[in-house]
1. I want to confirm something. Restricting to segment 202-239 and keeping residues that are basic (K, R) and surrounded by 14 or more Cβ atoms within 10 Å (Cβ to Cβ), which single residue is farthest from V175 (Cα to Cα)?
2. Condition check: in contact (Cβ under 8 Å) with a residue 24 or more places away in the chain, crowded, with 16+ Cβ neighbours inside 10 Å and assigned to a loop (DSSP other than H, G, I, E, B). Does A181 satisfy that?
3. Output the number of the condition that A152 fails; it satisfies all remaining conditions of (1) out of contact with any helix residue (DSSP H, G or I) (no Cβ under 8 Å at 6 or more places or on another chain); (2) modelled with pLDDT of 95 or more; (3) surrounded by fewer than 17 Cβ atoms within 10 Å (Cβ to Cβ).
4. Mind checking which residues of segment 198-211 are in contact (Cβ under 8 Å) with a residue 12 or more places away in the chain and out of contact with any Asp or Glu (no Cβ under 7 Å at 6 or more places or on another chain)?
5. Taking segment 218-254 as the search range and keeping residues that are acidic (D, E) and without any contact (Cβ under 8 Å) to a residue 40 or more places away in the chain, which one is farthest from Q177 (Cα to Cα)?
6. Can you list residue pairs whose Cβ atoms sit under 7 Å apart, with the first residue in segment 80-99 being at positive phi and the second being surrounded by 14 or more Cβ atoms within 10 Å (Cβ to Cβ) and not in a strand (DSSP E or B)? Count only pairs 6 or more apart in sequence or on different chains.
7. Just a yes or no: is a residue in segment 253-267 surrounded by 22 or more Cβ atoms within 10 Å (Cβ to Cβ) and touching a Ser or Thr at 6+ places or on another chain (Cβ under 6 Å)?
8. Can you name every residue in segment 118-144 that is over 23 Å from E97 (Cβ atoms) and open to solvent by 30 Å² or more (accessible area, probe 1.4 Å)?
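The values are calculated or read from the model by the stated rules, or taken from the named source; none is laboratory data. These figures come from a predicted structure and were not determined experimentally. Glycine gets a Cβ as well: all are built from the backbone with ideal geometry, and neighbour counts include every protein chain shown. Just so you know, the surface numbers come from the protein's heavy atoms only, side chains and all, with ligands and any DNA or RNA stripped out. Shrake-Rupley method; radii C 1.70, N 1.55, O 1.52, S 1.80 Å.
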Amino acid sequence: MKYHLKSLLYLAVICLPSLAFAQDSLEKALEMPIEKKNVQATFKATKLINIQTNETIYKNEFDFRVDHRFGDIAGNSGGIKNFFGLDQSTDIRIGFEYGISDKLSVGLARAKGAGVVTQLYEGNLKYRLLEQTSDDKIPVAVTLFGSTTVSAVKASTDPTAANAYSDFQDRLTYVVQAVIARKFNSNFSVLLMPSYVHRNFTVFGDQNDMLAISVGGRIKITKRMAFVADYTIPFRDKNKEAYLESTLGTQYYKTLGAGLEFETGGHIFHLNFTNATAIQESQFITDTNTSWLKGQYRWGFSIARRFSFDKKKAK
């Protein structure tokens, strides 16, 4: 009995310091701060369907993007007579973006344009103001976007038309946006985006300045495919909206887009549906007069290809 008691005492003398050391190490480990890392790839592309994301082009990278919108699938202008919109094109855009730094990118684009304001040339800037961190000390990413668009279409002789330009300044439209995004996990990301649009010239009776709010999201389905959607609400002057509807018969609608995103090894491909006829922010926010409920939604697609001119990354 004495032998067993001595053995137990001997084990306790040896083990207690070890247990105390292990507990102290565990406490220190628990007190260690989580490594701060910027969250990457909140979205896979710089745009969802209609709206911008928080993503920019990294330094010395070049992004080439083509967007296309077809005609109405259903409604009075759709159906089999126009092969469900495939015989028509409401807008086409070709754009280029280049990364000045990992936070700042610049872009140039040419779009067909929708309606009477066509032949659009756009210059834009995009800047990562904040990046979400893995420790949630910065819970969201914030990116600023600004663009200037000029229309090269021939001026109309109708003084009430949206393109009755008298000088170059009339042809300009400005857009400023703040993209607030969060990646919750590898499968789910969302964004909220307030916008301000200023048009130097509009159709007679319409407003020059407009605010809007957009929401969007991405849900990963498989390793290479995701569901994407966005929704934009413009805040129109009700009196001006009623005037345009009574005089021109023009109604304006919120824009909704939904589709699938595919990663194909260097390319990002979107196949989507939306009621917006225009692609440019300077037009689809202010001038969407087609409705899902009237069958005025359309096929669309976009394809983006990114190239790197960074020699270090290439190695």
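1. Here the answer is K220.
2. Taking the combined requirement at face value, the residue does not satisfy it.
3. Condition not satisfied by A152: (1).
4. R199, T202, V203, F204, G205, D206, D209, M210, L211
5. It comes out as E245.
6. Pairs that qualify, where the first residue is at positive phi and the partner is surrounded by 14 or more Cβ atoms within 10 Å (Cβ to Cβ) and not in a strand (DSSP E or B), are F84/I73; F84/G78; G85/I73; G85/G78.
7. Scanning segment 253-267 turns up at least one residue that is surrounded by 22 or more Cβ atoms within 10 Å (Cβ to Cβ) and touching a Ser or Thr at 6+ places or on another chain (Cβ under 6 Å).
8. S134, D135, D136, K137, I138, P139
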